[in-house]
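The values are calculated or read from the model by the stated rules, or taken from the named source; none is laboratory data. Since the model is a prediction, treat every value here as computed from it, not as a measurement. Heads up, the Cβs are rebuilt from the backbone with ideal geometry, glycines too, and the neighbour counts pull from every protein chain shown.
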Amino acid sequence: MSASPFILPPAPERLDVVRERVRLRPVVETDLEAMAQYRGDPEVCRFLPFEPQTADDIRARVGHVLGGTSLEGDRGGVIVVIERVEDGAIIGDLALFHLDTNSGAAEIGWVVSPAAAGRGLATEAVRALVDTAFSVYGLRRLVARIDPENSRSIALAERLGLRCEASLVENERLTQREGDEVEYTILAREWAARA
């Protein structure tokens, strides 16, 4: 039996996801300096496909989706900041991108400030975006592509129930080397069963 064709629902006009300790909302121009604080850290970028970034670098990389809520189009994607509810501090950002309109799959990614590590905030934020990906965007499958040396991101994916489906050798050019990747995935029906 084959699945029915994937139809992307209309993008929400506004995206504001609030959980107990974190709030997710689309990135806007005034967030770029705060994002550069952690995206400019060489240790953070060690596992990412870009060098440490300034606000201008971030604007050049993702400026086309600032404030957006649509996954549609060749350069579509949703990038949200993670705000800590208690003080409004930006502690990271998350992305949904690379939509495959045939299968209803998209990639999910995260960049989190080391200053926010160890408190469960990233887990809460990524869980909220996974919920949103399946309930608001109607996606069928999410994929997180992670450097196998990034034990914290692997642990986060596994805490949320994503499973390792692939190991790719020298698949991604990282900042200083050819990088391997592992792909962690979850289906909408699997996510729903966990609720």
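Per-structure values
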| quantity | calculated |
| --- | --- |
| Boolean, residue 54 is among the polar types (S, T, N, Q), farther than 14 Å from residue 84 by Cα, out of contact with any helix residue (DSSP H, G or I) (no Cβ under 9 Å at 6 or more places or on another chain) and at pLDDT 95 or above | no |
| Which listed residue, of 62, 44, is within 22 Å of residue 127 (Cβ to Cβ) and either of a type outside the set (Phe, Trp, Tyr) or in contact (Cβ under 8 Å) with a residue 40 or more places away in the chain (or both) | 44 |
| Yes/no for residue 81 being modelled with pLDDT of 95 or more and either in a loop (DSSP other than H, G, I, E, B) or under 20 Å from residue 117 (Cα atoms) (or both) | yes |
| Out of 127, 141, 189, sole residue that is at pLDDT 95 or above and within 19 Å of residue 112 (Cα to Cα) | 127 |
| Subset of the stretch 20-41 (residues that are part of a loop (DSSP other than H, G, I, E, B) and either touching a residue at least 24 places away in the same chain (Cβ under 8 Å) or within 13 Å of residue 92 (Cβ to Cβ) (or both)) | 20, 21, 27, 28, 41 |
| Among the residues listed as 18, 27, 44, the single one being under 17 Å from the mean Cα position of the chain (by Cα) and farther than 30 Å from residue 178 by Cβ | 18 |
| When residues of the stretch 94-124 are limited to those that are closer than 20 Å to residue 10 by Cα and of a type in the set (D, E, K, R), the one modelled with the lowest pLDDT | 100 |
| Filtered residue count, the stretch 144-186, keeping only those that are in contact with a Pro (Cβ under 8 Å, 6 or more places away or on another chain) and either modelled with pLDDT under 95 or within 18 Å of residue 105 (Cα to Cα) (or both) | 9 |
| Residues (in contact with a strand residue (DSSP E or B) (Cβ under 9 Å, 6 or more places away or on another chain) and touching a residue at least 40 places away in the same chain (Cβ under 8 Å)) located in the stretch 1-19 | 6, 8, 11, 14, 15, 17, 18 |
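One line per residue, one yes/no per condition, for (1) assigned to a strand (DSSP E or B); (2) exposed (fewer than 15 other Cβ atoms within 10 Å of the Cβ); (3) not polar (S, T, N, Q):
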position	(1), (2), (3)
134	no, no, yes
145	yes, no, yes
149	no, yes, yes
154	no, no, yes
158	no, yes, yes
168	yes, yes, yes
180	yes, no, yes
185	yes, no, no
192	no, yes, yes
